[in-house]
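Beneath this line is the structure, given in structure tokens, with notes to follow.
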Amino acid sequence: MLDAKIKFFDIKRCGYYRRGESTVSLSNVNDTLEKLNAWATDGRDFANTTCYQPDPDNDLLNTYFCGWSQNATTKDSLLVLWNQVPNDNGVIYGMNPSVPPGVTAMLSTDFGSTPAIPGAPSYIWIIPSKNVFATIRFTHSVQGKINLDHYINGFLQNKSPYRVKNSEGKVIGFSRTGQPTQESAKIHPKFEAYTRKQEELEAELITNINKISKIIKRETLIYTAESDRKIFERVFSKLLPNAPAFSQPRTISHELQFSPTESELKSIIKNFGELGQDTFINNAGFVYKNGKTIMLSGTNVAFSHSFSITRGEKELISPHILLNAVTQDRADLLRPLDQPAFVVEEAA
């Protein structure tokens, strides 16, 4: 058995669109993945499966194609990418956890004389029938959502067979045949995905933004943690001589008068949706002037799951094997998608 963390995202756009329009003009999720697989497996080397220009100054390194598999019945598919990590000409550094702060000596590991691209895999389960995908993160892998965004957008823009080029090889548009048409210069590629149900929540809150009077945040506190203990002490200050010692975690709510701008509102929703499962923040939300509270807990469809598969030492999980395991548990894995986009707490 292998334990993994699953997180779902809604696919808003995937293909080619006329500017200003949301209806796709060319291609779709399945077609994009099929074209990507055909391009990446046409005999090229692994190193030549990159699709975009990296930006090391902003920590965006290369992404490479490892494999893809599709279920003929459900049309679900499993994409495996390789996400390059920072390195010094193939050398990866570490620090001894037992040394005091200030020590400058680093530990290192490298691949000897074997050429290698240091990195970690990411596993993406795509479900076109529901217009969603899920990242599947194991202990040996990364989530890879940001890299996926750049990779698919890079493929659509730079590697797709739908590109229309001029005599100098510059991309000047896109068409089904790759030849210029009256429409080819008017459409552009776009892959866009958001944390599951984020848009539905945004619509509710933006529509009622003038009604928002407070923000609320709920945290889990552990008495044995020094920073948490100070919060307990502050809560009971001047009420008891000493704060009680709690053996179990406790939840504390913070409520603050706050009228967000639309930009602030979207940022809070986005950042909450990207929180990991190990965060101390239990929930967050907004209180309307009538006392109605909209909590954000429904936006982040993320959970743990154990798959009936094994992984060889120093090996990736093949997309075919992982897709079979996902298909076997498909009904259970998709059930959380039926959760509401947000939780409403009516005023007492």
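Derivation of every value follows stated rules applied to the coordinates shown; laboratory data play no part. Note that the structure is a prediction, hence the values are computed from the model and not measured. Don't worry about glycine lacking a Cβ; one is built from the backbone with ideal geometry, like all the others, and counts go over all protein chains shown.
What lysines sit close enough to LYS314 to cross-link, taking a C-alpha to C-alpha distance under 24 Å and skipping anything fewer than 8 places away on the same chain? Answer for LYS314, where 24 Å is the Cα cut-off: LYS5, LYS145, listed by chain and number. Of the residues THR251, GLY102, TYR64, the one whose Cα sits farthest toward the positive end of the charge dipole of the chain, with +1 on the Cβ of Lys and Arg and -1 on the Cβ of Asp and Glu, is THR251.
Only helical runs count toward this figure. For the chain, summing -39,500 (n - 2.57) over DSSP H runs of n ≥ 4 and dividing by all residues gives -6500 deg cm²/dmol at 222 nm. Can you find, among ILE212, VAL235, PHE8, the residue farthest towards the positive end of the dipole of the chain? Put +1 on the C-beta of Lys and Arg, -1 on that of Asp and Glu. Farthest along the dipole direction, towards plus: ILE212. Whole-Hz Karplus values for region 23-28 come out as 8, 5, 9, 8, 6, 7 Hz, taken residue by residue from phi with 6.51 cos²θ - 1.76 cosθ + 1.60 and θ = phi - 60°; glycine and proline positions read x. For the residues SER122, SER25, SER267, a GNM of the chain with alpha-carbon springs under 10 Å puts the largest fluctuation on SER267.
Karplus-based coupling profile of region 168-183, in residue order and whole Hz: 9, x, 7, 6, 10, x, 9, 8, 4, 9, x, 10, x, 9, 5, 9, with θ = phi - 60° in 6.51 cos²θ - 1.76 cosθ + 1.60 and x standing for Gly or Pro.
With Rg and Dmax of the Cα atoms in Å defined as stated, name the option among (i) 28.5, 96; (ii) 24.0, 82; (iii) 51.4, 180 computed from the structure displayed. Answer by label: (ii). The charge dipole of the chain, taken about its Cα centre with unit charges on the Cβ of Lys, Arg, Asp and Glu (plus for the first two, minus for the last two), comes to roughly 700 debye.
Between amide H atoms placed 1.01 Å from N, distances below 5 Å from CYS51 occur with THR63, all of them 5 or more places distant or on a separate chain. Placing pseudo-labels 7 Å out from each Cα toward the beta carbon at GLN53 and GLU200 gives an inter-label distance of 4.0 nm. For the chain, a Gaussian network of Cα nodes joined below 10 Å ranks ALA193, ALA134, ALA72 by mean-square fluctuation, and the top entry is ALA72. Among GLY285, GLY94, GLY173, the largest mean-square fluctuation in a Gaussian network model of the chain (Cα springs under 10 Å) belongs to GLY94. In percent, rounded to a whole number, the relative contact order of region 78-198 is 18, using alpha-carbon pairs under 8 Å and six or more apart. Once the C-beta distance of ARG311 and SER98 is scaled by a Förster radius of 35 Å, the resulting FRET efficiency is 0.75 to the nearest 0.05. The value of relative contact order for region 158-315, using C-alpha pairs under 8 Å at least six residues apart, is 25 percent. Cβ-to-Cβ counts within 10 Å put ARG330, ARG163 in ascending order as ARG330, ARG163, the fewest first. The count of lysine pairs in region 201-299 whose Cα atoms are under 20 Å apart, excluding pairs fewer than 8 places apart on the same chain, comes to 15. Ordering GLN157, ALA225, ASN131 by Cα displacement along the dipole of the chain toward the positive end leaves ASN131 in first place; charges were set at the Cβ atoms of Lys, Arg (+1) and Asp, Glu (-1).
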